[in-house]
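The values are calculated or read from the model by the stated rules, or taken from the named source; none is laboratory data. All values reported here derive from a predicted model rather than from experimental measurement. Glycine gets a Cβ as well: all are built from the backbone with ideal geometry, and neighbour counts include every protein chain shown.
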Amino acid sequence: MLKTRIIPCLDVKDGRVVKGVQFLELRDAGDPVESAKAYDAAGADELCFLDIAASHENRGTLLDVVSRTAEACFMPLTVGGGVRTLADVRALLLAGADKVGINTAAVKNPDVVAAAAEKFGDQCIVVAIDAKRVSGPGEPLRWEIFTHGGRTRTGIDAIEFALAVSKRGAGELLVTSMDKDGTRSGYDIELTRAITDAVTIPVIASGGVGGLDDLVAGVRDGHASAVLAASIFHFGQHTVGEAKAHMAAAGLDMRIDR
Amino acid sequence: MTVAIIDYGSGNLHSAAKAFERAAREAGLDGTRIVVTDRPDDVAVAERVVLPGVGAYADCRRGLDSVPGMVEAMTQAVRGRGRPFLGICVGMQLMATRGLEYETTQGLDWIAGDVAPIAPSDPSLKIPHMGWNTLTVDRPSPLLDGIPTGEDGLHAYFVHSYALKPVDAADVVAHSEYGGSVTAMVARDNVAGTQFHPEKSQRLGLALIANFLRWRP
């Protein structure tokens, strides 16, 4: 039986982990490779690197981090942030990323998704959707795509966009609620469910995890195939093992290889 | 012993090579040399041959054909000299007679059968079949020696929308459940293939690679 995936996400800037993984005594908590190894050993199902600086000058640094991680960890790795062209996708895949996240570029030009899927296979193209509620009280729920870290409103309906990119070759969607991100109050379940139920490809829930019940809700109520979280793991609030045990106790099918 | 991992432009093979090196080391198989190569001469003389593959079927087949002499070298090593062969993901699918992804593409025809879309009986199941699944053994194979299988067994990492359906059910070593049976591993004589990615499957993957390195079909 296919299991629900838990995906720790590391924000990377200039080749360093932002805020760092603080739950283990790593020799260098800011080294993404060290952190990746720790999550590999902890039983994470996949790992996600998000390059939050994504400056052109530092691309080489990111590629080096990806390639050193791929050499040390025998687990799937998704890398996103600043991916604009087919050449960017190719460089990350050649460095050792298994999947590449495309965000703003997919919003600006969905043809990039189709071209990348055709060239590299849809299994490695993750479209990252950053959405915010725009419906007023009493109105039917509606979300729009926002870019540039939630600052730029695009006017594009999130569910229509999800459906469109899934038909154009996205293999998976990473759905982040910009309302919830950083609040530790749980995923936007309505958003997650609305998108998951609209598309036939897997959806990763993201943004807002404050505790283990939020992970359960993302799958049980949001219908997500995978749950992404950052701070609850990085700061030692919970281990990946605890999260899996909690989700399994709630009746979800988890991979517990011990 | 030299293991040739065939490089035909299908993604990063560095992590695959590292996984093979680590599996060899942990299994105490000293003197194992892992070579990532696009040279048919290397493949022709290798003791073991590995064909990875990521992407679309037709694209991979074109990539393989674009390396002059590679298919001939593989065929000579594997069919002529009986060298053990492992296909991974699309590399496994290329062992089939035909691939039906977007267009019909001829495979190597080492395992009779077509590569067709996965069609789960439960329409709410997502495609691609992506993530960790357990293996159900259909017939014993030394490649699975010491690997716990079944619902309580170890997991393998899958990411695919198409699957190989062998004509001869005896070619299927293991399957996974995903709204029906999905071929996870095939073997016939000295050739074997996994739909999942052993190089991404942590414990199960390293154990399977070690078994392949020891395999004497």
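Quick notes on this structure:
- Matching residues, region A:188-200, being in contact with a strand residue (DSSP E or B) (Cβ under 6 Å, 6 or more places away or on another chain) and touching a residue at least 40 places away in the same chain (Cβ under 8 Å): A:D188, A:L191, A:I195
- For region A:222-254, taking the residues that are in a loop (DSSP other than H, G, I, E, B) and in contact with a Ser or Thr (Cβ under 8 Å, 6 or more places away or on another chain), the one that is nearest to the other protein chains (Cβ to nearest Cβ) is identified as A:S225.
- Conditions (1) out of contact with any Phe, Trp or Tyr (no Cβ under 9 Å at 6 or more places or on another chain); (2) more than 23 Å from B:L204 (Cβ to Cβ); (3) outside any loop (DSSP other than H, G, I, E, B); number of the one not met by B:G63: (1)
- A residue that is part of a helix (DSSP H, G or I) and modelled with pLDDT under 95 cannot be found anywhere in region B:112-124.
- Residues satisfying the stated conditions in region B:35-65, i.e. crowded, with 23+ Cβ neighbours inside 10 Å and within 14 Å of chain A (Cβ to nearest Cβ): B:P52, B:G53, B:V54, B:G55, B:A56, B:Y57, B:C60
- Taking the criterion of being farther than 15 Å from B:S141 by Cα, more than 9 Å from chain A (Cβ to nearest Cβ) and either free of Cβ contacts under 8 Å to residues at least 12 places away in the same chain or in a loop (DSSP other than H, G, I, E, B) (or both), the residues of region B:182-217 that qualify are B:Q195, B:F196.
- Only one of the listed residues (A:K99, A:K119) is facing chain B (nearest Cβ under 10 Å) and surrounded by fewer than 23 Cβ atoms within 10 Å (Cβ to Cβ). That residue is A:K119.
- For A:T152, the conditions (1) of a type outside the set (A, V, I, L, M, F, W, C); (2) farther than 16 Å from A:T196 by Cα; (3) surrounded by 17 or more Cβ atoms within 10 Å (Cβ to Cβ) all hold with the exception of (3).
- Condition check for A:A217: under 18 Å from A:S185 (Cβ atoms), in a strand (DSSP E or B) and without any contact (Cβ under 8 Å) to a residue 60 or more places away in the chain: no
- Counting only strands (runs of 3 or more DSSP E) that sit wholly inside region A:56-172, those with at least 2 residues that are within 20 Å of B:S161 (Cα to Cα) are A:77-80, A:99-102, A:125-133.
- Test: B:G91 is within 14 Å of chain A (Cβ to nearest Cβ), under 22 Å from B:V182 (Cα atoms), among the small types (G, A, S) and assigned to a loop (DSSP other than H, G, I, E, B): no
- Subset of region B:170-181 (residues that are more than 11 Å from chain A (Cβ to nearest Cβ) and of a type in the set (S, T, Y)): B:S181
- When residues of region B:7-34 are limited to those that are touching a helix residue (DSSP H, G or I) at 6+ places or on another chain (Cβ under 6 Å) and away from every other protein chain (no Cβ under 14 Å), the one surrounded by the fewest Cβ atoms within 10 Å (Cβ to Cβ): B:L29
- Listed conditions (1) free of Cβ contacts under 8 Å to residues at least 40 places away in the same chain; (2) part of a helix (DSSP H, G or I); (3) small (G, A, S) are all met by B:G31, apart from (2).
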